[in-house]
1. Under the Karplus relation 6.51 cos²θ - 1.76 cosθ + 1.60, θ = phi - 60°, what is the ordered set of whole-Hz ³J(HN,Hα) values for region 69-86, x standing for Gly and Pro?
2. I need to check one value: relative contact order of region 34-298, counting alpha carbon pairs closer than 8 Å and at least 6 residues apart, in percent.
3. Could you state the angle between the C-alpha long axis of helix 273-298 and the longest principal axis of the C-alpha atoms of the chain, as a value from 0 to 90 degrees rounded to the nearest 10?
4. At 7 Å along the Cα-to-beta-carbon direction for both GLN257 and PHE154, put a label point, then send me their distance in nm to one decimal.
5. At 7 Å along Cα-to-Cβ for each site, give me the label-to-label distance between ASN287 and LEU200 in nm.
6. Using only helices, what value at 222 nm comes out for the chain when you add -39,500 (n - 2.57) per DSSP H run of length 4 or more and divide by the total residues, to the nearest 500 deg cm²/dmol?
7. Report the charge-dipole magnitude of region 34-298 in Debye, nearest 20, computed about the Cα centre from +1 at each Lys and Arg Cβ and -1 at each Asp and Glu Cβ.
8. Can you give me the long-range amide H partners of GLY84? Hydrogens built in the peptide plane at 1.01 Å from N, cutoff under 5 Å, separation of 5 or more residues or another chain.
Amino acid sequence: MSDASYNAAAEVAQVRTRRTRWQRSRIALRKAPISAKIGLFIIAFYIFVAVFAPLIAPYGEADDSFAPFAPWSSTNWLGTDQIGRDILSRLIYGARNTIGLALITTLLAFFIGGSLGLAASIDRGWIDQVLSRGTDVLMAIPSLIFALMLLSIFGSNAVSLVIIIAILDSTRVFRLTRAVAVNVAVMDYVEAAKLRGEGLGWIMRKEILPNIMPPLVAEFGLRFCFVFLTIAALSFLGVGIQPPTADWGSMVRETAQLIQFAEYDIKAALTPFIPAAAIAIITVGVNFVVDCFLDKASGLGDDT
């Protein structure tokens with residue numbers, strides 16, 4: 001017995017209705033493992049602290065009006081450093097400075113390495129040879145030692161720090177981009193675009209880049225962690241972000257001498273571990289999200 005209200009056209013239209021990006025994101029979030037949700041929460045929390053640092057921090061970033069090495073108290077929740085600056089305030093501002101510089105550096109590294117990697121995958125002649133051999137030379141030198149040498153030459157400022165680390169890390173991005181793009185560059189639709197007379201930039205943006213995004217997005221998360229740790233390490237060594245700008249790496253160095261007072265004040269001895277823990281937590285959070293994305297991109301995380 002047929003239903004008089006049935007409409008085939010309406011049924012087809014309903015089946016073909018696509019979910020919005022927001023709906024797809026919500027479904028993916030519900031299906032994500034607990035580790036990825038924890039990672040997203042950590043990243044969101046850090047971003048919130050970085051954006052609203054001036055509103056959250058109880059004191060100014062360089063306010064040194066307190067007694068040096070003051071203990072934990074209701075006035076200074078985490079005590080003060082060697083010149084009387086509130087550690088909690090500098091920890092909050094450090095999220096903005098360290099994460100912000102790491103993000104800018106990673107974006108620049110991907111722009112340089114990704115563009116050159118795509119160009120090398122399309123033109124397999126002298127351009128590929130020059131870029132590949134130049135990358136081999138840069139990768140043969142230990143990155144941290146090379147960065148220390150260049151920063152001692154050009155000076156320890158934010159601009160030099162971003163450019164030097166971005167160039168050094170772009171070599172890894174170049175290698176990955178070239179490796180995944182070289183298989184796409186020989187596809188028929190790429191050859192057709194060349195025959196149509198499309199330029200190198202158009203082929204890179206429209207034909208190759210959309211087909212290699214999953215590994216590049218995953219590498220972006222991993223590369224951000226490495227850049228973040230590199231900036232913290234350079235700041236710990238005294239050649240990264242310079243005072244009075246707050247940075248977690250330099251905060252570990254500045255408060256490290258408090259460890260020797262563990263016998264008398266255990267809270268003071270724990271102070272250097274707080275910025276170190278902040279570095280470790282954001283690294284773990286990003287890796288949780290990257291692992292989930294890799295599983296989804298490879299199909300391992302799909303329901304059977």
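Each value in this text was obtained by applying a stated rule to the coordinates, not by laboratory testing. Being a predicted model, the structure only gives us computed values, none of them experimental. FYI the Cβ positions are ideal-geometry reconstructions off the backbone, even for glycines, and counts take in every protein chain you see.
1. In residue order, the calculated couplings are 6, 5, x, 4, 7, 5, 7, 10, 4, 10, x, 10, 8, 6, 10, x, 9, 5 Hz.
2. On the way: 368 pairs, mean separation 67.0, N = 265.
Rounded, it is 25 percent for region 34-298.
3. With both axes taken from Cα atoms, the answer is about 10 degrees.
4. Between GLN257 and PHE154, the simple spin-label model gives 3.3 nm.
5. 3.8 nm
6. Result for the chain: -22000 deg cm²/dmol, rounded to the nearest 500.
7. Working: 17 positive and 20 negative charges, 115 e Å.
My answer is approximately 560 debye.
8. When sequence neighbours closer than 5 places are left aside, the close amide H contacts are PHE69.
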